[in-house]
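Handing you this structure, nothing more for now.
The values are calculated or read from the model by the stated rules, or taken from the named source; none is laboratory data. None of the values given here were measured: they were computed from a predicted structure. Here the Cβ positions follow ideal geometry from the backbone for every residue, glycine too, while neighbour counts run over all protein chains shown. These accessible areas exclude ligands, DNA and RNA; they are computed on the full protein's heavy atoms, side chains included. Shrake-Rupley method; radii C 1.70, N 1.55, O 1.52, S 1.80 Å.
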Amino acid sequence: MKLEIDINRLCAELDSLAGFSDAPAPAVTRVVFSEQDRAARRYVKSLCAAAGLQVREDAVGNTFARWPGAEPELAAIATGSHIDAIPHAGRYDGTVGVLGGLEAIRAIQRSGVRPRRSIELVIFSAEEPTRFGIGCFGSRLLAGILDPASLRDKEGRTLDEWRATAGFHGDVTAVRLPGGHYSAFVELHIEQGPMLEREGVPLGVVTAIAAPASLRMWIEGEGGHAGAVLMPDRHDAFCAAAEIVLAVEAAARSTGAVDTVGTVGVCDVFPSAVNSIPSRVRLEVDVRDIDLPRRDGVLAKIEQACADVASRRSVKIRTEVVNQDAPAQCDARVVEALARAADAHGMAYRRMVSRAYHDTLFLSRIAPSAMLFIPCKGGISHRPDEYASPDAIAAGALVLAEALAELSLLNLIL
Ligand code: GLV
Ligand code: MN
Ligand code: MN
């Protein structure tokens, strides 16, 4: 089998996709169900159709592009990622797995190999939490572990309102995929960390994905005139929030483990006027670790800090757990298939964990799954200067193609 990646075409497609953005280049902002997201979906679907893939969309916009195998009744092999992008992101997060996955399929087509199992490209709806405050909502629904009725954006608009805007209708409960639907799933992604570049290793074979949790907090104090209310009389919600932000940092650092991280990435202050004491603050908190009890220990410390701040400052603090997920272990057989594929092309790789979350975290609950990482410059991601070189992308797509081709012929899995 002679597999060749058309890297010029793939890079040109990545450039075109980056053009669908609500932020000026080089930044990319593409929030799920926005006009730019819808236009980007049309673009990617047109590429899939041009490759002769059969395209299907579900009720929440997860998109499936299938190349039927010689034995289409067998469970398919799947690959894919996401095309939504957080505000002021870069152009490679998710998109490398979607367009690289498509190019991997086209490379197998050009090689003349006809897969035994169908190969399906999946474009997951909203891997990023920007719209609904929860990451991986499309893949969570595919795995059947999210109550869609609970989803709201910051303004209170429901998932049903948003998906109708984007033209997605139908029964959300039918989105769930039955166990055995996929024989294996592989996601290609930029590392979003520094290890591969630092060690000069072109590929990472992911063996586990860290456990993410996120919280929403509402802090209610007392507003008033910034000149007139005396300092001892204040119950400033933002000062209370500031203490909590630092408590999140301290709790994450307290484990001493490099894998524990805590971030407060959203802070809305009300009424947000320079001469008015903040009366309400809303925070969104993200905590992760590869070790579940340690991650939950950090959450407990944050909860304790909230109780202390609330009583000391006489403010009310309400906390909602948005998600508190377990880590995922990748499937050893898919990991080995990726390792063999890298060996077949003489490419070095290291086994590693993913500290970022990915749709694979949830696909792994319904299919044997693993991930393939490529280096990105400086480990930078979720920033406009995110960068993966054409060579790195080509290597990832090539090894992905090799693995998909092999998995499609195998009887090993399901
Ligand atoms: C995914 O975008 C993450 O935040 O890990
Ligand atoms: Mn991301
Ligand atoms: Mn991603």
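State the dimensionless ratio Rg/Rh of segment 70-128 (Rg: radius of gyration of Cα atoms; Rh: Kirkwood radius).
1.09
Output the antiparallel fraction of DSSP beta bridges having both residues in the chain, as a percent to the nearest 5. Numbers along the way, then the final one.
On the way: 47 of 69 bridges.
Rounded to the nearest five, the antiparallel share is 70 percent.
Once both axes come from the Cα atoms, what is the angle between helix 7-18 and the longest principal axis of the chain, in degrees from 0 to 90, rounded to 10?
Approximately 30 degrees, to the nearest ten.
Taking the Cα centre as origin and putting +1 on Lys and Arg beta-carbons and -1 on Asp and Glu beta-carbons, what dipole magnitude results for the chain, to the nearest 20 debye?
The dipole of the chain has a size of about 320 debye.
Which value, in debye to the nearest 20, describes the size of the charge dipole of segment 101-192 about its Cα centre when Lys and Arg Cβ atoms bear +1, Asp and Glu Cβ atoms bear -1, and nothing else is charged?
Value, rounded to 20: 440 debye.
Rg (Å, one decimal) plus Dmax (Å, integer) for the alpha carbons of segment 36-78?
Cα only, segment 36-78: 11.7, 37 Å (Rg, Dmax).
What does the highest-first list of 200-209, 327-336 look like by mean Cβ count within 10 Å?
On the way: 200-209: 21.3, 327-336: 19.2.
The densest-packed peptide leads the list: 200-209, 327-336.
Could you work out what % of the accessible surface of segment 116-168 is carbon and sulfur, using a 1.4 angstrom probe and leaving DNA, RNA and ligands out of the count?
Summing carbon and sulfur atoms, their accessible area is 47 percent of the total for segment 116-168.
Taking a probe of 1.4 angstrom, what is the accessible area of TYR349 in Å², to the nearest 10?
Spelled out: TYR349, probe radius 1.4 Å, area about 60 Å².
Can you give the Rg to Rh ratio for segment 241-284, taking only C-alpha atoms and Rh from Kirkwood? Please list the in-between numbers first.
Details: Rg = 13.4 Å, Rh = 11.9 Å.
Here Rg/Rh amounts to 1.13.
When the Kirkwood radius is taken over all Cα pairs of segment 121-247, what Stokes-Einstein diffusion coefficient follows at 37 °C and 0.692 mPa s, in µm²/s? It would help to have the intermediate numbers written out before the result.
Working: Rh = 19.2 Å.
For these conditions, the coefficient is 171 µm²/s.
What FRET efficiency comes out for the pair ALA348/HIS382, r = Cβ-Cβ distance, R0 = 22 Å, nearest 0.05?
Efficiency for this residue pair is about 0.25.
Using only the alpha carbons of the chain, what is the convex hull's orientation-averaged projected area in square nanometres?
Mean projected area for the chain: 20.1 nm², to one decimal.
At 0.36 nm per residue, and after removing the present C-alpha to C-alpha distance, how many nm does the segment from LYS154 to ARG176 gain when stretched out fully?
Residue separation times 0.36 nm, minus the Cα-Cα distance, leaves 5.4 nm.
Something else: Percent relative contact order of the chain, based on C-alpha pairs within less than 8 angstrom and at least six residues apart?
Values: 955 pairs, mean separation 96.6, N = 414.
Taking the mean separation of contacting Cα pairs over the length of the chain, I get 23 percent.
Can you give the FRET efficiency for ASP308 and MET195, using 1/(1 + (r/R0)^6), R0 = 35 Å, r = Cβ-Cβ distance, to the nearest 0.05?
On the way: r = 37 Å, r/R0 = 1.05.
E between ASP308 and MET195, to the nearest 0.05, is 0.40.
I need the phi-derived Karplus couplings for segment 77-85: 6.51 cos²θ - 1.76 cosθ + 1.60, θ = phi - 60°, integer Hz, Gly and Pro marked x.
The phi angles translate into 8, 10, 9, x, 6, 10, 10, 6, 9 Hz.
Along the positive direction of the dipole of segment 256-414 (beta-carbon charges: Lys, Arg +1; Asp, Glu -1; about the Cα centre), which of ALA339, ILE290, LEU404 reaches farthest?
After comparing all options, I get ILE290.
Mind checking which lysines have their Cα closer than 16 Å to the Cα of LYS154? Skip sequence neighbours fewer than 8 apart in that chain.
Reachable lysines: none.
Could you name the aspartates and glutamates in cross-link range of LYS377, using Cα to Cα under 15 Å and dropping any fewer than eight places away on the same chain?
Within the straight-line limit of under 15 Å, LYS377 reaches these aspartates and glutamates: ASP93, GLU191, GLU197, GLU199, ASP385, GLU386, ASP391.
A further question follows. Is it possible to state the helix-based mean residue ellipticity at 222 nm for the chain, with each DSSP H run of 4+ residues giving -39500 (n - 2.57), the sum divided by total residues, to the nearest 500 deg cm²/dmol? What is it?
Counting only the DSSP helices, I get -10500 deg cm²/dmol.
Given a Förster radius of 51 Å and the C-beta distance between ALA250 and SER46 as r, what FRET efficiency does 1/(1 + (r/R0)^6) yield to the nearest 0.05?
0.55
So, by mean Cβ neighbours within 10 angstrom, what's the order for 210-222, 392-404 with the highest one leading?
Ranking, from highest mean packing down: 392-404, 210-222.
Keeping the other protein chains in place, figure out the carbon and sulfur percent of the accessible area of segment 174-322, with a 1.4 Å probe.
About 55 percent, which is the carbon plus sulfur part of the accessible surface.
Moving on. Order the peptides 115-124, 229-238 from the highest to the lowest mean number of other Cβ atoms within 10 Å of their residues.
Numbers: 115-124: 26.1, 229-238: 14.7.
Packing proxy ranking, top to bottom: 115-124, 229-238.
Compute the accessible area per residue over segment 106-167, keeping the other protein chains in place, probe 1.4 Å, unit Å².
Computed with neighbouring chains in place, this is 34 Å² per residue.
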